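The values are calculated or read from the model by the stated rules, or taken from the named source; none is laboratory data. In this text the structure is predicted, and so the values were computed from the model without any measurement. Cβ atoms come from the backbone with ideal geometry, glycine included; neighbour counts cover every protein chain shown.
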Amino acid sequence: MGIQVRQVSSADHPVVEALLHEAFGDEPVAPLVTALRRCSGYVPEFELVAEDDGEVVGHVMLTWNHLLLDAGGRRPILVIAPLAVRPDRWRCGIGRTLIEGVVRLAEAAGEPFAVLEGDPAYYGRLGFVAASAYGVRAPSPTVPEVACQLYPIAGPDPAIAGRVMYDEAFWAHGGSGLPEATDPDGGYPLPYLFHFAQLNGWIEAVTYGADLDIPVTACPGWTLRDLLAHLEWAYRAAICWDRTGAAPVPAGERATDGGTSPRDPLPGFAAAWRETHTTLLARPPATSSRGWTSADRTVGAWRRRMVHEVAVHAADVLESLPSPRFPWRIDDALALDGIDHTLGVFAARLTGDTPAGGTPADCESRALTVRLTTGNRPVTVTLDGQRLTVTGDVAVVPGSIRDAVPDALIEAEPADLYLWLWGRTPAGAVRVDGDQRTVERFLEATRYARS
């Protein structure tokens with residue numbers, strides 16, 4: 001009978017989920033498919049399975065996303081993702097058959113092309129070409145140019161040129177593109193720039209078309225418009241500092257046109273985070289770089305600083321939006337790194353490195369000890385005069401106080417503790433025991449660090 005391609009039914013969903021786990025392992029593709037079915041761009045007729053003798057052996061989806069046009073505005077486009085074939089049926093032509101099926105659907109919809117990310121060696125054999133030949137660019141700098149491809153149905157049209165804009169579901173379930181290489185034994189064990197692109201892409205997707213005058217609760221006096229403008233300024237400031245060594249002037253953050261009329265901050269924000277990604281990816285992490293702290297003056301330090309800048313503000317966006325369909329949630333590895341980074345920053349500042357021109361905060365005459373526990377990794381912090389010591393598995397400053405009896409105990413899940421250190425997590429998500437004055441002193445120290 002051969003391979004038959006048909007529309008997915010609800011009865012197929014468990015089988016498709018199992019197939020996706022077989023094909024992609026631990027990658028979050030099955031949750032992505034579930035999320036895409038909830039998107040406004042989902043069309044049931046555009047989700048197909050390949051069947052052989054009654055067994056589902058392949059799956060593909062075609063969903064409506066958007067192209068941000070270079071000429072201004074946006075238009076709908078069709079994106080093919082994901083494509084999966086059961087591993088025991090690879091190299092049997094099933095992928096080609098599924099692609100032919102969704103291309104026919106795109107053609108029937110009157111579209112000039114359909115876009116995907118993938119291996120050009122494989123998809124080139126199926127008729128795909130580099131999207132750049134049509135003036136179409138990838139949604140993220142983590143997507144290599146050759147991997148952004150399209151199937152041409154009509155000829156190139158200069159009026160249809162721009163950047164692919166994925167639905168937020170793509171960003172909320174694993175991001176887009178390939179993580180940069182990291183050295184697990186070195187000083188930079190996380191793919192910071194991949195997380196940076198994922199979080200910025202999520203913010204861009206959820207704020208496009210949203211009411212940007214919504215207040216940002218965590219930043220009194222700010223709206224979403226101001227937050228986006230602040231991130232643009234932070235990214236351009238980092239580039240300026242890295243290139244020139246000069247501290248940028250903190251002006252022009254508020255999203256106005258220079259007068260009282262609000263401007264659209266999204267184009268500047270979108271351009272700034274991509275330029276920052278490109279700048280920081282161009283050199284190895286250990287490369288020397290000018291910076292705002294003497295603790296670590298490398299490109300890797302800037303990668304780390306920028307991903308935590310956007311991670312905290314992504315939480316602000318999530319809290320401010322009325323009902324995001326696919327909430328962002330920081331993973332434990334990045335949260336633990338963020339805790340380490342936050343403690344390291346204020347440890348450096350309280351021991352004399354005050355690049356912002358401040359002075360160490362008033363300190364207690366007696367040493368105060370706080371023990372933080374998260375992810376089964378204890379961290380002990382002691383504030384003693386103008387000295388601060390951090391010890392533990394997440395520690396950045398060695399010490400000899402691991403077994404000291406703490407004045408206060410703080411316990412939470414990694415993401416909750418990370419955001420709590422930045423004043424974002426509701427108190428109920430963090431367990432605090434012990435001397436309240438010690439906790440307040442500890443929080444004052446973290447506030448000083450991020451001022």
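Within the group Leu62, Leu36, Leu67, which residue is in contact with a Gly (Cβ under 6 Å, 6 or more places away or on another chain) and either modelled with pLDDT of 95 or more or within 22 Å of Gly127 (Cα to Cα) (or both)?
Values: Leu62 fails: in contact with a Gly (Cβ under 6 Å, 6 or more places away or on another chain); Leu36 fails: in contact with a Gly (Cβ under 6 Å, 6 or more places away or on another chain).
Exactly one of Leu62, Leu36, Leu67 is in contact with a Gly (Cβ under 6 Å, 6 or more places away or on another chain) and either modelled with pLDDT of 95 or more or within 22 Å of Gly127 (Cα to Cα) (or both), namely Leu67.
Please go through region 320-334 and give me each residue that is over 12 Å from the mean Cα position of the chain (by Cα) and over 25 Å from Thr373 (Cα atoms), ordered by number. Please lay out each step first, then the result.
To start, the set of residues in region 320-334 that are over 12 Å from the mean Cα position of the chain (by Cα) comprises 320-326, 332-333.
Listed by number, the residues that qualify are Ser320, Leu321, Pro322, Ser323, Pro324, Arg325, Phe326.
Kindly indicate the residue of region 284-297 that is modelled with pLDDT of 90 or more and surrounded by 15 or more Cβ atoms within 10 Å (Cβ to Cβ) and also farthest from Tyr188 (Cα to Cα) among those meeting that condition.
Ser289
Kindly provide the set of residues from region 405-441 that are loosely packed, with under 14 Cβ neighbours inside 10 Å and not small (Gly, Ala, Ser), ordered by number.
Within region 405-441, Val405, Pro426, Arg431, Asp433, Gln436, Arg437, Glu440 qualify.
Is there any pair linking a residue in region 283-306 that is farther than 15 Å from Gly338 by Cβ to one that is in a strand (DSSP E or B) and of a type in the set (Ser, Thr, Tyr), with Cβ under 6 Å and at least six apart or on different chains, and which?
Listed pairs, sorted by first residue: Ala286/Thr298; Ser289/Thr298.
Would you say Pro87 is surrounded by fewer than 18 Cβ atoms within 10 Å (Cβ to Cβ), at pLDDT 95 or above, out of contact with any helix residue (DSSP H, G or I) (no Cβ under 7 Å at 6 or more places or on another chain) and under 24 Å from Ala147 (Cβ atoms)?
Values: surrounded by fewer than 18 Cβ atoms within 10 Å (Cβ to Cβ): yes; at pLDDT 95 or above: yes; out of contact with any helix residue (DSSP H, G or I) (no Cβ under 7 Å at 6 or more places or on another chain): no; under 24 Å from Ala147 (Cβ atoms): yes.
Criteria not met by Pro87.
Only one of Gly101, Gly73, Gly93 is without any contact (Cβ under 8 Å) to a residue 12 or more places away in the chain and of a type outside the set (Asp, Glu); which?
Numbers: Gly101 fails: without any contact (Cβ under 8 Å) to a residue 12 or more places away in the chain; Gly93 fails: without any contact (Cβ under 8 Å) to a residue 12 or more places away in the chain.
Answer to the selection: Gly73.
Every residue, every condition in (1) touching a helix residue (DSSP H, G or I) at 6+ places or on another chain (Cβ under 9 Å); (2) under 16 Å from Thr278 (Cα atoms); (3) in a loop (DSSP other than H, G, I, E, B); (4) modelled with pLDDT of 95 or more, yes or no:
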site	(1), (2), (3), (4)
Leu190	yes, no, yes, no
Leu193	yes, yes, no, yes
Phe196	yes, yes, no, yes
Asn200	yes, yes, no, yes
Glu204	yes, no, no, yes
Ala210	yes, no, yes, no
Cys219	yes, no, yes, no
Ala234	yes, yes, no, no
Ala238	yes, yes, no, no
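Taking Ala18, is it assigned by TED's automatic domain parsing to the domain that holds Phe128 and either in contact (Cβ under 8 Å) with a residue 60 or more places away in the chain or surrounded by fewer than 18 Cβ atoms within 10 Å (Cβ to Cβ) (or both)? Spell out the reasoning first.
Values: assigned by TED's automatic domain parsing to the domain that holds Phe128: yes; either in contact (Cβ under 8 Å) with a residue 60 or more places away in the chain or surrounded by fewer than 18 Cβ atoms within 10 Å (Cβ to Cβ) (or both): yes.
So Ala18 passes the test.
Scan region 94-111 and give yes if some residue there is within 23 Å of Arg6 (Cα to Cα), of a type in the set (Ser, Thr, Tyr) and in contact with a Phe, Trp or Tyr (Cβ under 9 Å, 6 or more places away or on another chain), otherwise no.
Taking region 94-111 as the starting set, the residues that turn out to be within 23 Å of Arg6 (Cα to Cα) are 94-111.
Now narrow it down to the ones that are of a type in the set (Ser, Thr, Tyr): 97.
Now narrow it down to the ones that are in contact with a Phe, Trp or Tyr (Cβ under 9 Å, 6 or more places away or on another chain): none.
Scanning region 94-111, I find no residue that is within 23 Å of Arg6 (Cα to Cα), of a type in the set (Ser, Thr, Tyr) and in contact with a Phe, Trp or Tyr (Cβ under 9 Å, 6 or more places away or on another chain), so the answer is no.
Can you tell me which residues in region 30-52 are touching a residue at least 24 places away in the same chain (Cβ under 8 Å), closer than 19 Å to Ala205 by Cα and touching a strand residue (DSSP E or B) at 6+ places or on another chain (Cβ under 9 Å)?
Just the residues of region 30-52 that are touching a residue at least 24 places away in the same chain (Cβ under 8 Å), to begin with: 31-33, 35-36, 38-41, 44-52.
Cutting the leftovers down to closer than 19 Å to Ala205 by Cα gives us 31-33, 35-36, 38-41.
Residues satisfying the conditions are Leu32, Val33, Leu36, Cys39, Ser40, Gly41.
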